[in-house]
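Quick notes on the structure that follows.
The values are calculated or read from the model by the stated rules, or taken from the named source; none is laboratory data. Computed from a predicted model, the values in this text were never measured in an experiment. Note that each Cβ is placed from the backbone with ideal geometry, even for glycine, and that neighbours are counted across all protein chains shown.
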Amino acid sequence: MEFDDYQKAAKRTLYGNEQVLTNCALGLAGESGQLIDLIKNYTFKGQDLDRSEMVHEIGDVLWYLSQIAAWADIPFDEVAEDNIRTLNKRYPHGFSQGK
């Protein structure tokens, strides 16, 4: 799925038109926290890492990110492309710990 297609499809589930940016920013923080808890519990508490739960939480984070970008009239493809350009500039030969 293309990022812009995802962004458009996700937007149909956005509720309301007031305080959208604030709602999405707070939602992003909450969902990021849930993802972080999964990782924390795996890393420090020895719990199994539930792949399907991770997919779900990453999807929730993705939804909020896509809607923040939509609110700002930023195509999600543009966000992804800019990020890859940044990574390629920072790490032209890929990342390695020795460098």
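Some values worked out for this structure:
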| item | result |
| --- | --- |
| Yes/no for Lys11 being out of contact with any Asp or Glu (no Cβ under 7 Å at 6 or more places or on another chain) and without any contact (Cβ under 8 Å) to a residue 40 or more places away in the chain | no |
| Leading residue by the ranking (nearest to the chain's Cα centre (by Cα)) among those in the stretch 73-99 that are free of Cβ contacts under 8 Å to residues at least 12 places away in the same chain and under 30 Å from Glu18 (Cα atoms) | Asn83 |
| Residue count, the stretch 50-72 (criterion: among the aliphatic types (A, V, I, L, M), surrounded by 11 or more Cβ atoms within 10 Å (Cβ to Cβ) and more than 19 Å from Thr22 (Cα to Cα)) | 2 |
| Only one of Gly16, Gly59, Gly46 that is of a type in the set (Gly, Ala, Ser), more than 25 Å from Met1 (Cα to Cα) and modelled with pLDDT of 95 or more | Gly46 |
| One residue from Asn41, Asn23 being within 14 Å of Val61 (Cα to Cα), surrounded by 13 or more Cβ atoms within 10 Å (Cβ to Cβ) and free of Cβ contacts under 8 Å to residues at least 24 places away in the same chain | Asn23 |
| Matching residues, the stretch 80-99, being assigned to a helix (DSSP H, G or I) and either under 17 Å from Leu14 (Cβ atoms) or of a type in the set (S, T, N, Q) (or both) | Asn83, Thr86, Asn88 |
